[in-house]
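Let me begin by presenting the structure, written as structure tokens, before commenting on it.
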């Protein structure tokens with residue numbers, strides 16, 4: 001499943017130096033993984049030290065440090081992500097089962113051959 005994120009590049013005072021939208025994907029591991037590096041045009045000059053990733057539809061955001069980098073207004077910057085950009089913890093206890101109140105059909109799909 002793909003997720004629309006907003007990524008902000010921040011200085012030590014949490015001023016937004018650059019930002020852009022980014023597509024992330026959910027892989028079923030409680031994390032959102034970026035599909036590419038962030039490309040953004042800087043609107044302010046400063047020393048970038050932090051990245052804030054927001055999932056606006058859910059109203060959540062998380063921040064992570066980045067290697068300090070000088071950014072000039074008007075410069076297009078690339079920020080690679082070495083791993084996931086957002087993570088969520090799950091209750092460690094097993095989830096209790098539920099009873100489905102309607103009939104369930106389980107189908108078996110067969111692989112097709114292409115000519």
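The values are calculated or read from the model by the stated rules, or taken from the named source; none is laboratory data. All values reported here derive from a predicted model rather than from experimental measurement. Because the Cβ atoms are built from the backbone with ideal geometry, glycine has one as well, and the counts that use them run over all protein chains shown.
Among (1) surrounded by 15 or more Cβ atoms within 10 Å (Cβ to Cβ); (2) not in a strand (DSSP E or B), where does residue 13 come up short?
With respect to (1) surrounded by 15 or more Cβ atoms within 10 Å (Cβ to Cβ); (2) not in a strand (DSSP E or B), residue 13 is out only on (1).
How do the pairs read when you match residues in region 18-30 that are free of Cβ contacts under 8 Å to residues at least 24 places away in the same chain with residues anywhere that are outside any strand (DSSP E or B), using Cβ under 6 Å and keeping only pairs 6 or more apart or on different chains?
23/35
In region 1-16, which residues are more than 16 Å from the chain's Cα centre (by Cα) and closer than 16 Å to residue 80 by Cα?
10
Within region 83-105, can one find any residue that is under 22 Å from residue 4 (Cα atoms) and in a strand (DSSP E or B)?
Scanning region 83-105, I find at least one residue that is under 22 Å from residue 4 (Cα atoms) and in a strand (DSSP E or B), so the answer is yes.
How many of the residues making up region 45-69 are without any contact (Cβ under 8 Å) to a residue 40 or more places away in the chain, more than 10 Å from residue 86 (Cα to Cα) and surrounded by fewer than 17 Cβ atoms within 10 Å (Cβ to Cβ)?
8
Quick check on my filter: what residues within region 76-96 are more than 27 Å from residue 17 (Cα to Cα) and free of Cβ contacts under 8 Å to residues at least 40 places away in the same chain?
Selection gives 91, 92, 93, 94, 95, 96.
Yes or no: residue 29 modelled with pLDDT under 95 and either farther than 16 Å from residue 75 by Cα or part of a strand (DSSP E or B) (or both)?
Yes; evaluated as a whole, the condition is true for this residue.
Select from region 32-55 the residues that are over 13 Å from residue 79 (Cβ atoms) and more than 11 Å from the chain's Cα centre (by Cα) and list them in ascending order.
Hits for region 32-55 are 43, 44, 45, 46, 47.
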